[in-house]
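S.K.: Below are the structure tokens for one structure; questions will follow.
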Amino acid sequence: MTSNRRISILAAAAALVAGPALADDVVTVGLIVPMTGQQATTGKQEQAGANLYIQLHGDTVAGKKIVLEVKDDAGAPDVTKRLAQDLIANDNAKALMGFGLTPLALAVAPVATEAKVPEIVTAAATAMITEKSPYIVRTSFTLPQAAAPMAQWCLKNNIHKVVTLVADYGPGNDAEKWFGDVFEKGGGQIVEKIRTPLKAPDFAPFLQRVKDDAPEALFVFLPSGQGAAFMKEFAERGLDKSGVRLIATGDVTDDDQLADMGDAALGVVTTHHYSAAHDSPENKAFVAAFEKANAGMRPNFMAVAAYDGMALLYQALDKTKGATDGDALIAAMKGMSWTSPRGPVSIDPDTRDIVQNIYVRKVEKVDGALYNVEFDAIPAVKDPYKAAKQ
Ligand code: DHB
């Protein structure tokens, strides 16, 4: 053997032991969320939720070391898309997670399809998102899933005339349609449909219209982070004392902001999939560990979805015995079921959307702090938008 040949064999052996072997043992997960800008609370909650899962379950699964790379897209879809491409090309990311707003999740869909990398949507909630790539799986929720049960609750509770107010983009349009259609089918009347801008909304003129309409109730969807500003304006206009009942999806009485909303929020009824006050041993342990790890911050529905996004990925890797091929991971995720802090959940194998309980909750004071206290539950709700098409 020539000495050159001997050296190259030695180099190859060394590379086998060190370089590629190590690289193969790492699974990089890209968490792309807004950490700055209007949706920064979503990023903060998602990062804390994903990190807590790793902290509580260890950073290895099926012989692979999980490395979470958190990237701030500041809520700009072109940035989200570029970060997704970079994570796959440069960091060899095997899964992407996060997406704080619908347009951000949509921007990544073609990237996930092209690269065959799972896109785990842990925030955005417009129903059609999962239809945009066979590599999208969702652990958050859909607006039809949350809004349709609110209409049912109104019909059962003698509310007949409602004004709807929603943020004017995908999830708001879903909420308006699914609340409105179910409500009108059951004999209710939508008096007016109001849409507010997604960016920096000033609610005052819209709430004046609500006052003039004088409906029995106002149904609201706003994305996480806008609830406190809305509630402040609602109270300042005297609407909390005007006889107009406030009802909403749980995005408005978001646990991230609820404690600071003040007494105007008391009695607001919402439908949603997660409350920090959910009464289960899994949730009590989750909330305690989350608050301990995050200087007392209360987890909201974004945190739990990111926690469950990691839970889904860990279980899928377990099932594939550590194989990171996108098709194998997606196949493993389909039909997966587990107990989340929010209750029992599963991934619908046909739609890749989460199936979960939707709870009816009322804002109450518990030990002096405001919480969404659950008083009814509709079990195992599938996304109604896709169920209607099947
Ligand atoms: C979306 C964002 C939110 O903050 C939320 O609470 C619900 C939906 C979205 O953009 O899809």
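The values are calculated or read from the model by the stated rules, or taken from the named source; none is laboratory data. Small disclaimer: the values here were computed from a predicted structure and weren't measured. Virtual Cβ from ideal backbone geometry, glycine too; neighbours counted across all protein chains shown. These accessible areas exclude ligands, DNA and RNA; they are computed on the full protein's heavy atoms, side chains included. Shrake-Rupley method; radii C 1.70, N 1.55, O 1.52, S 1.80 Å.
S.K.: Hey, got the dipole for the chain? About the Cα centre, +1 on K and R Cβ, -1 on D and E Cβ, debye to the nearest 20?
M.R.: Values: 39 positive and 47 negative charges, 124 e Å.
Charge dipole of the chain: 600 debye, to the nearest 20.
S.K.: In debye, nearest 20, what is the charge dipole magnitude of segment 143-221 about its Cα centre with +1 on Lys and Arg Cβ and -1 on Asp and Glu Cβ, if you could check? Walk me through the intermediate numbers first.
M.R.: Values: 9 positive and 10 negative charges, 16 e Å.
The dipole magnitude comes to about 80 debye.
S.K.: Next question, about the same structure. Using the Cα centre as the reference, give the magnitude of the dipole from point charges on the C-beta atoms of segment 94-203 (Lys, Arg: +1; Asp, Glu: -1; all else neutral), rounded to the nearest 20 debye.
M.R.: Value, rounded to 20: 180 debye.
S.K.: Let me ask you something else. Looking at segment 317-390, which trypsin sites (Lys or Arg not before Pro) are DSSP coil and have at most 11 other C-beta atoms within 10 Å of their C-beta?
M.R.: Working: sites: 319, 321, 334, 342, 352, 361, 362, 365, 382, 386, 389; in loops: 321, 334, 342, 352, 382.
Those that pass, being in a loop and sparsely packed, are 321.
S.K.: Right, here's the next one. Along Cα→Cβ, 7 Å out, is where each label goes; now give me the distance between the ones at residue 86 and residue 327 in nm to one decimal.
M.R.: Between residue 86 and residue 327, the simple spin-label model gives 3.1 nm.
S.K.: A follow-up question, please. Structure shown: which of 116/177; 44/132; 156/382; 44/81 lie over 29 Å apart, alpha-carbon to alpha-carbon? Could you put the intermediate results ahead of the total?
M.R.: On the way: 116/177 33 Å; 44/132 26 Å; 156/382 21 Å; 44/81 20 Å.
Exceeds cut-off: 116/177.
S.K.: Set the Förster distance to 30 Å, then compute FRET efficiency between residue 62 and residue 285 from the Cβ-Cβ distance, nearest 0.05.
M.R.: Details: r = 24 Å, r/R0 = 0.80.
About 0.80, to the nearest 0.05.
S.K.: To make sure I understand the rule: partners must be lysines, Cα under 19 Å from the Cα of residue 241, and not fewer than 8 residues away in the same chain. Which ones qualify?
M.R.: Output for residue 241: 161, 211, 232, 362, 365.
S.K.: Run the numbers on the chain and let me know its relative contact order in percent, using alpha-carbon pairs under 8 Å that are six or more apart.
M.R.: Details: 815 pairs, mean separation 66.1, N = 390.
About 17 percent, as a whole number.
S.K.: Now for a different question. Is the C-alpha gyration tensor of segment 172-214 telling us rounded, prolate or oblate? Criteria: a/c under 1.5 is rounded; beyond that, a/b larger than b/c is prolate, otherwise oblate.
M.R.: Values: a/c = 5.03, a/b = 1.47, b/c = 3.43.
The shape class here is oblate.
S.K.: Any idea how far the Cα center of segment 88-141 sits from the one of segment 232-284, in Å?
M.R.: Spelled out, the Cα-based centre of one part sits 29 Å from the other.
S.K.: Looking at 151, 222, 32, which one has the Cα that reaches farthest to the positive end of the dipole of the chain (charges on Cβ: Lys, Arg +1; Asp, Glu -1)?
M.R.: After comparing all options, I get 32.
S.K.: Related question: Cα to Cα, under 18 Å, and not fewer than 8 places away if on the same chain: which lysines meet these conditions relative to residue 321?
M.R.: 64, 65, 94, 334
S.K.: In Å², and per residue, what accessible area does segment 136-292 have when probed at 1.4 Å with the other protein chains present? Could the numbers behind the result be given before it?
M.R.: Working: 5750 Å² over 157 residues.
On a per-residue basis, 37 Å².
S.K.: State the antiparallel share, in %, of DSSP beta bridges confined to the chain, rounding to the nearest 5.
M.R.: Working: 23 of 60 bridges.
Taking every DSSP beta bridge with both residues in the chain, the antiparallel ones total about 40 percent.
S.K.: Give me the one-decimal nm value for the distance between modelled label points at residue 339 and residue 195, 7 Å along each residue's Cα-to-Cβ direction.
M.R.: Using points 7 Å along Cα→Cβ, the separation is 4.3 nm.
S.K.: Right, something else. Given a Förster distance of 45 angstrom, what is the FRET efficiency for residue 229 paired with residue 320, based on the Cβ-Cβ distance and rounded to 0.05?
M.R.: Working: r = 44 Å, r/R0 = 0.98.
Efficiency computed from Cβ-Cβ geometry: 0.55.
S.K.: Evaluate E = 1/(1 + (r/R0)^6) for residue 292 and residue 161, where r is the Cβ-Cβ distance and R0 equals 41 Å; express this FRET efficiency to the nearest 0.05.
M.R.: Working: r = 46 Å, r/R0 = 1.12.
That gives a FRET efficiency of 0.35.
S.K.: DSSP H helices in the chain with Cα extent of 24 Å or more along the helix axis and mean Kyte-Doolittle hydropathy at least 0.5? Show your work: numbers first, answer last.
M.R.: Values: long enough: 40-57 (26 Å, -0.59); 301-319 (27 Å, 0.73).
The qualifying helices are 301-319.
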